[in-house]
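This report concerns only the one structure given below.
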Amino acid sequence: MRLMKTTAIVLGLAALAVLAPPVAPAAGQADQIISVAERDFAAAGLGRKGLDLLMRKDGRVYIVASPGEIAALAALGVGYDFETGRFLRTSSEGLSAAGGINGAYHSTMELETDLRILERDHPGLASVLEIGETLEKRKILALKISDNAAANENEPAVLLTGCHHAREWISVEVPYLFGKYLLDNYDLDPQVRALVDASEIWIVPIVNPDGLEYSIHVYRYWRKNRRANADGTFGVDINRNYGCAWGIDNEGSSGYPGSDVYRGTGPFSEPETAAVRTLFASVGIDFRALISFHSYGQYILYPWGYTAAPAPEDAELGTIAAAMAGLMAAVQGTVYTHGQASRTLYVTNGDTADWAYSLRGAPAFTVELQPVDIDHGGFFNDEAAIGAVFQENLPAMLYLARYALDHPLPVRPRIVERRDRARRATAAKTKPSVRPAPG
Ligand code: 0X9
Ligand code: CA
Ligand code: ZN
């Protein structure tokens, strides 16, 4: 049977009224992992209620549920089992003491230190740029890799992002290690050198540092950013806040602030998405491809995510995804399922890949890293796995960067965000550093 990955499901407005707790759960009341029989799940229509689905296995659906959601399920007469003890590993399991509380995984500070080391050790090839600032005043950092990294040479560019979702720690490491690999091998490998000389590789390993820190220090299963919502709940799902088909329905995101798939008050309402927009939509940077790394489930997903309808470049996207899946499987046999996001996993609206693709038709992918299901570790990859997960993704990342180099995009955007034109023009003038959009 096919194991579905962690999810988020959604919310019809009517359903929302049913599931939204009458009173927002008090801060500090922890979510629980519960399971519901598939039959009860379907009978109660829970697939459309904005729940954070963790996986489906052996006839049960596993859900990360807030106290309010659990109360609402009970009120609906849905039976559930508490599963938290089974799934919540101790924070130190699989992690060395040496790397701090999160082991060899990067905290926000550890990443800044390591990015600056790369910059120092590879003068001319690496630049660290601040592309935004979070609600808790943390820097969102980008690593730009190119020959003459400090200059704007308008070379074909590719963007790799990690950690839209706080608990997906492995998604930080894969793009970071890709940057390190390019820099370490520039003098050794003529193909790496040719790629770096001809293009710009942009890497934002931690899009959501506030959430990541919360996941490290407070609650390992935290997903969203740390926006203080009007109703007393916290967090917007950064991967529901982008401006393509934002909030178009309540299946692909939730309008209820306490939901783990809350879309926010408007498109790009959050500093994290605004920072990625300012970068990726910059006039003067020729972004031609994107991978947004997540975990877990072993998927390569492409637009559209918001609708089952195929994207105009559906065939090309499918061909690229199949090529990447083949390259990944060749490394150590790991199978990444590839397909259109909405049909292969589930519907979302406001996700990164849909928006990136919508601008100019750039091939844009969500890669859900290992493992395939929570029984193989879920979000809690042992730190010993970091290297292998990076290695199996390396050829696919190289392939997409090379593909971008060889495939110019139409100059004319397909969807112009009119109100952003002025901002982008401003950003272009301040090259080479990319400034966050004001406000
Ligand atoms: O729900 C998401 O944002 C992504 N999965 S995760 O478990 N990492 O949260 C998937 C986004 C891909 N887009 C669609 N499936 N439409
Ligand atoms: Ca660490
Ligand atoms: Zn994710």
- Residue that is away from ligand 3 (no atom under 16 Å from the Cβ), among the hydroxyl-bearing types (Ser, Thr, Tyr) and in contact (Cβ under 8 Å) with a residue 40 or more places away in the chain, where the choices are 299, 256: 256
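Test of understanding: among 309, 322, which residue is part of a loop (DSSP other than H, G, I, E, B) and farther than 19 Å from residue 168 by Cα? Give the steps one after another, and end with the answer.
Values: 322 fails: part of a loop (DSSP other than H, G, I, E, B).
Matching residue, one of 309, 322: 309.
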- Item | Among (1) surrounded by fewer than 19 Cβ atoms within 10 Å (Cβ to Cβ); (2) within 11 Å of residue 208 (Cβ to Cβ); (3) not acidic (Asp, Glu), the one test that residue 162 misses | (1)
- Task: Can you work out which of the residues in region 166-202 that are within 16 Å of ligand 3 (Cβ to nearest atom) and touching a strand residue (DSSP E or B) at 6+ places or on another chain (Cβ under 6 Å) is farthest from residue 297 (Cα to Cα)?
- Result: 175
- Task: Could you please find all residues in region 340-391 being out of contact with any strand residue (DSSP E or B) (no Cβ under 8 Å at 6 or more places or on another chain) and β-branched (Val, Ile, Thr)?
- Result: 347, 348, 372, 386
- Note on the structure: Exactly one of 339, 377, 361 is in the same structural domain as residue 202 (by TED's automatic domain parsing), away from ligand 2 (no atom under 16 Å from the Cβ), farther than 21 Å from residue 207 by Cβ and touching an Asp or Glu at 6+ places or on another chain (Cβ under 6 Å), and that one is 361
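Residues 53, 95: which one is closer than 21 Å to residue 174 by Cβ, within 26 Å of the chain's Cα centre (by Cα), surrounded by 15 or more Cβ atoms within 10 Å (Cβ to Cβ) and not hydroxyl-bearing (Ser, Thr, Tyr)? Talk me through it step by step, then tell me what you get.
Working: 53 fails: closer than 21 Å to residue 174 by Cβ.
None of the other options fit; the residue is 95.
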- Please indicate, with yes or no, whether at least one residue in region 108-120 is modelled with pLDDT of 95 or more, under 22 Å from residue 180 (Cβ atoms), polar (S, T, N, Q) and surrounded by fewer than 18 Cβ atoms within 10 Å (Cβ to Cβ). yes
- Hey, does region 4-19 have a residue that's farther than 28 Å from residue 370 by Cα, at pLDDT 50 or above and surrounded by fewer than 19 Cβ atoms within 10 Å (Cβ to Cβ)? no
- Report, ordered by the first and then the second residue, all pairs with beta carbons closer than 8 Å, sequence separation of six or more or different chains, a first member in region 234-248 that is at positive phi, and a second member that is assigned to a loop (DSSP other than H, G, I, E, B) and of a type in the set (Asp, Glu). 235/260
- Task: Please state which of the following conditions residue 329 fails to meet, knowing it meets all the rest: (1) small (Gly, Ala, Ser); (2) crowded, with 23+ Cβ neighbours inside 10 Å; (3) in contact with an Asp or Glu (Cβ under 9 Å, 6 or more places away or on another chain).
- Result: (2)
- Give 367, 372 a once-over and let me know the one that is more than 16 Å from ligand 2 (Cβ to nearest atom), under 16 Å from residue 168 (Cα atoms) and assigned to a loop (DSSP other than H, G, I, E, B). 372
- Query: residue 232 versus (1) in contact with a helix residue (DSSP H, G or I) (Cβ under 7 Å, 6 or more places away or on another chain); (2) surrounded by fewer than 24 Cβ atoms within 10 Å (Cβ to Cβ): which is the lone unmet condition?
  - Reply: (1)
- Hey, does region 264-280 have a residue that's part of a loop (DSSP other than H, G, I, E, B), of a type outside the set (Phe, Trp, Tyr), over 25 Å from residue 141 (Cβ atoms) and within 14 Å of ligand 3 (Cβ to nearest atom)? no
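The values are calculated or read from the model by the stated rules, or taken from the named source; none is laboratory data. Remember, it's a predicted structure, so these values are computed and weren't measured experimentally. FYI the Cβ positions are ideal-geometry reconstructions off the backbone, even for glycines, and counts take in every protein chain you see.
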